[in-house]
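The values are calculated or read from the model by the stated rules, or taken from the named source; none is laboratory data. Bear in mind that the values here come from a model prediction, so they are computed numbers and not experimental data. Here the Cβ positions follow ideal geometry from the backbone for every residue, glycine too, while neighbour counts run over all protein chains shown.
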Amino acid sequence: MSSSIMISLPSQADTYRDMFFQLEKPVQLTQHEFDEFWPLIDTVWTKIGRNTTQQQGTIQVQLYEYHLRKSQKTSTNVARNEGRIVKPPITAVWIKDLCEARMKITRTTPSGSEPVMVFLERKYDTAQTQHR
């Protein structure tokens with residue numbers, strides 16, 4: 001006998017999920033809203049690099065890209081094993097930059113009575129922006 005556990009979704013989950021994917025314009029959320037809805041889609045975003053802190057530690061910035069984006073070119077290095085050339089296994093080449101989905105998340109740090117705010121916006125590479 002199998003039992004299934006249903007996880008209840010927050011109200012407006014579909015609206016927030018679509019908003020996070022489309023990002024037609026920058027979105028401002030409270031820390032509570034971000035913490036509630038980000039886990040619904042965070043599995044499709046890959047963090048790029050480290051968090052950076054700006055403006056004397058009052059702002060934290062994180063960059064994400066869609067997990068199928070593949071922003072770096074595949075290397076062509078050939079492995080060597082004890083003087084012999086070892087051919088890598090034959091695999092399909094995954095072309096770089098097929099998807100432009102990148103996101104910048106800016107988070108204010110707590111200061112006094114002001115609440116933490118989270119800003120999400122689409123991020124474009126300079127080369128991609130010039131072709132638009």
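If you take just the strands (runs of 3 or more DSSP E) that sit entirely in the range 1-96, which of them hold at least 1 residues that are out of contact with any helix residue (DSSP H, G or I) (no Cβ under 9 Å at 6 or more places or on another chain), within 27 Å of SER111 (Cβ to Cβ) and at pLDDT 70 or above?
27-30, 45-54, 59-66
How about the range 11-49: which of its residues are acidic (Asp, Glu) and surrounded by 15 or more Cβ atoms within 10 Å (Cβ to Cβ)?
GLU33, GLU36
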